[in-house]
Amino acid sequence: MKTSDNDLMKRLEKIAEKKAVRFCYGCYREAPEGVCTECHSDDLMFLLPHVGCEYGHLWIIEHLIGENVQTVNIEEMFESSMDGAYSGTTTVGWLEVDTLTAVKELDPISWQMAVQEYESQLEDDGEIISFDNGGSYYLTSDVENYVEESEEELCLCEAEG
């Protein structure tokens with residue numbers, strides 16, 4: 001993970017902490033002060049009301065991003081970028097077909113390899129980000145916009161810390 005991704009994750013963790021409530025699973029009660037008032041445990045989970053309760057921040061981040069940021073379709077992005085380079089038609093025998101359609105249909109394996117290379121390049125360049133090991137991707141700029149809006153809403157700022 002790049003430095004900018006680490007900074008983004010730290011900011012997302014702050015948002016997750018603000019949106020969740022600390023929860024003592026043993027006593028099954030909220031512990032917003034960070035210690036259970038009944039058993040005095042500080043080994044607390046995070047409760048996201050109406051969603052669930054678990055340890056750690058990642059599940060909260062995944063939920064918040066999934067609910068508030070649009071996923072991107074990498075294959076559509078790839079096809080759109082390739083359309084500029086390979087627009088037009090190709091003649092195959094007596095048929096005239098769209099070039100990209102011909103490539104996808106005639107060699108679907110190389111098409112999928114090219115899509116995967118495109119995805120890797122976008123991720124390496126920091127243009128897309130995933131919070132579930134590549135199950136879904138988001139434009140990094142969209143995630144950053146969500147973070148900025150959430151920080152304003154929750155009165156968080158980067159100077160805190």
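The values are calculated or read from the model by the stated rules, or taken from the named source; none is laboratory data. Not measured: the values here are computed from a predicted model. Glycine gets a Cβ as well: all are built from the backbone with ideal geometry, and neighbour counts include every protein chain shown.
Provide a single number: the residues in region 130-146 that are of a type outside the set (S, T, N, Q) and modelled with pLDDT of 95 or more.
Step one: of region 130-146, the residues of a type outside the set (S, T, N, Q) are 131-132, 134-135, 137-139, 142-144, 146.
Add one more test, that the residue is modelled with pLDDT of 95 or more, and what stays is 137-139, 142-144, 146.
Going through region 130-146 one residue at a time, the tally reaches 7.
A count restricted to region 16-58 and to residues that are surrounded by 17 or more Cβ atoms within 10 Å (Cβ to Cβ), farther than 25 Å from GLU148 by Cα and among the aliphatic types (A, V, I, L, M) stands at 3.
With respect to the stated conditions, VAL35 is more than 20 Å from LEU139 (Cβ to Cβ) and at pLDDT 90 or above.
Do we have CYS53 as within 27 Å of TYR138 (Cβ to Cβ), hydrophobic (A, V, I, L, M, F, W, C), outside any helix (DSSP H, G or I) and free of Cβ contacts under 8 Å to residues at least 60 places away in the same chain here? Spell out how you get there, then give the answer.
Values: within 27 Å of TYR138 (Cβ to Cβ): yes; hydrophobic (A, V, I, L, M, F, W, C): yes; outside any helix (DSSP H, G or I): yes; free of Cβ contacts under 8 Å to residues at least 60 places away in the same chain: yes.
Taking the combined requirement at face value, the residue satisfies it.
Close contacts from region 108-120, counting a first residue that is assigned by TED's automatic domain parsing to the domain that holds SER80 and a second that is surrounded by 11 or more Cβ atoms within 10 Å (Cβ to Cβ) and of a type in the set (D, E, K, R), with Cβ to Cβ under 6 Å and a gap of 6+ residues or different chains, come to TRP111/LYS104; VAL115/GLU75.
All of (1) modelled with pLDDT under 95; (2) aromatic (Phe, Trp, Tyr); (3) in contact with a Ser or Thr (Cβ under 7 Å, 6 or more places away or on another chain) hold for TRP94 with one exception: (3). Test MET1 against the criterion of being hydrophobic (A, V, I, L, M, F, W, C) and at pLDDT 95 or above, and give yes or no. No: the conditions fail for MET1.
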